[in-house]
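Working notes, beginning with the structure itself.
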């Protein structure tokens, strides 16, 4: 009996890449061993992505789509796909729709799955033409995440992964406002293995991940898995409070021996430094309070506009 595979592919303004990725995946999956179906999640595209998906879905019976009412973000789009996984699926492969997650890696992922690994995740190895700044910021993100959280995520871990059907209920149970699936997939445990890959080249369009979005994504990841930044803020406050006590003996000495306390410049610098430190600590606390506030509203992670599932 053939095993059933479901491919979850979030897309946003990828109208030209959709036919290419379907053909590429169809060519690498052994139809004698597996049955596969596509679920494309249109994450609020403003081009013809939705129309292309509708057209292809009428022509190919193994292509399905979910159109969200607006752009809810990559992680929420994946969550929508997970929630709509058919009950008869044996595993799910999550991948991007721009062909930078190479379909040629899928047979290797399926082989590891057949060896009874529950989660097969991938680690991106950057090519030589990747900008230096992007490499460094990515490395910094993973180093900070691993130091500040209780979940260890390898540098270059991607949202290109295979998950077994026994993990579906766990992923569906997550109702966090700021999803970070790379961390959550490590956090849930199960039997896991990693595969390295070199990203393919984008055929059409531009990357949706700007540096601003990367920084925001990094902050979401760190604050979703750790309260260590709060402890760091508390320790900083305690350290500088104790350090400030060193001024007391000097002030008393100057008062009784008639030596003026000079240094307006140093005073202003000190005030500015501690003022900035206080704002930093308040900002860290504010991030966590903001997450609690948004979570308390209990709004859905996504809204489906239409689907053929």
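Tell me, yes or no, whether the range 138-154 has at least one residue that is part of a helix (DSSP H, G or I), at pLDDT 75 or above and out of contact with any helix residue (DSSP H, G or I) (no Cβ under 9 Å at 6 or more places or on another chain).
Step one: filter the range 138-154 for residues part of a helix (DSSP H, G or I), giving 138-148.
Among the residues that remain, those that are also at pLDDT 75 or above are: none.
Among the residues of the range 138-154, not one is part of a helix (DSSP H, G or I), at pLDDT 75 or above and out of contact with any helix residue (DSSP H, G or I) (no Cβ under 9 Å at 6 or more places or on another chain), which makes the answer no.
Of the candidates 83, 30, 98, the single residue that is out of contact with any strand residue (DSSP E or B) (no Cβ under 7 Å at 6 or more places or on another chain), touching a residue at least 40 places away in the same chain (Cβ under 8 Å) and crowded, with 17+ Cβ neighbours inside 10 Å is 98. Of the helices (runs of 4 or more DSSP H) lying entirely inside the range 157-236, those containing at least 2 residues that are modelled with pLDDT under 65 span 211-225. Count of the range 6-34 residues, restricted to those that are under 21 Å from residue 78 (Cα atoms) and part of a loop (DSSP other than H, G, I, E, B), is 6. Per the listing 71, 76, 88, the residue uniquely assigned to a helix (DSSP H, G or I), on the phi < 0 side of the Ramachandran plot and either assigned by TED's automatic domain parsing to the domain that holds residue 169 or touching a strand residue (DSSP E or B) at 6+ places or on another chain (Cβ under 6 Å) (or both) is 76. Being part of a loop (DSSP other than H, G, I, E, B), closer than 18 Å to residue 307 by Cβ and touching a helix residue (DSSP H, G or I) at 6+ places or on another chain (Cβ under 7 Å) is the requirement here; does residue 39 meet it? No: the conditions fail for residue 39. When restricted to residues that are in a helix (DSSP H, G or I) and under 18 Å from residue 20 (Cβ atoms), the range 43-68 contains 10.
The values are calculated or read from the model by the stated rules, or taken from the named source; none is laboratory data. In this text, all values refer to a predicted model and were calculated from it rather than measured experimentally. A quick note on method: Cβ atoms are made from the backbone with ideal geometry, for glycine too, and the neighbour counts reach across all protein chains shown.
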